[in-house]
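Below is one structure; the comments refer to it alone.
The values are calculated or read from the model by the stated rules, or taken from the named source; none is laboratory data. These numbers were taken from a predicted model, which means no experiment stands behind them. Cβ sites come from the backbone with ideal geometry, for glycine too, and all protein chains shown count toward neighbours.
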Amino acid sequence: MFKMPGSPLKQKLSAQARRDKAARDLAYAKTDDRRKKKADSQRKHRAAKKNGRDTSDMDFDHRTGTFVSVKTNRGNRGEGTKKEGGKNYKIG
């Protein structure tokens, strides 16, 4: 996502904190659980593309089994992410 300079969405971190956060984020992204979720998402996107569907700027919603906008999916339609996050994430 493109961030405008001075955007309230961007974290203000020192150089050391930024490096530490990047290391933590990378370690989390490489866990077995995250790799499985990423692979599942990639499979869904490839299958949709093969069937002629444009899924750019869309996420796969594991609750409805369809592609929805990133905004809709990340906010879970205003319900937050506790219900679907973590162990409640349906893969496959």
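Could you please give the count of residues in region 43-80 that are assigned to a helix (DSSP H, G or I) and either at pLDDT below 90 or within 12 Å of I91 (Cβ to Cβ) (or both)?
10
Quick grid of which residues meet (1) surrounded by 11 or more Cβ atoms within 10 Å (Cβ to Cβ); (2) under 13 Å from the mean Cα position of the chain (by Cα); (3) at positive phi; (4) without any contact (Cβ under 8 Å) to a residue 40 or more places away in the chain:
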site: T31; (1), (2), (3), (4): no, no, no, yes
site: K49; (1), (2), (3), (4): yes, no, no, yes
site: F60; (1), (2), (3), (4): yes, yes, no, yes
site: K71; (1), (2), (3), (4): no, yes, no, yes
site: G75; (1), (2), (3), (4): yes, yes, no, yes
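Where residues in region 8-42 are of a type in the set (K, R) and touching a Phe, Trp or Tyr at 6+ places or on another chain (Cβ under 7 Å), which of them is modelled with the lowest pLDDT?
This residue is K37.
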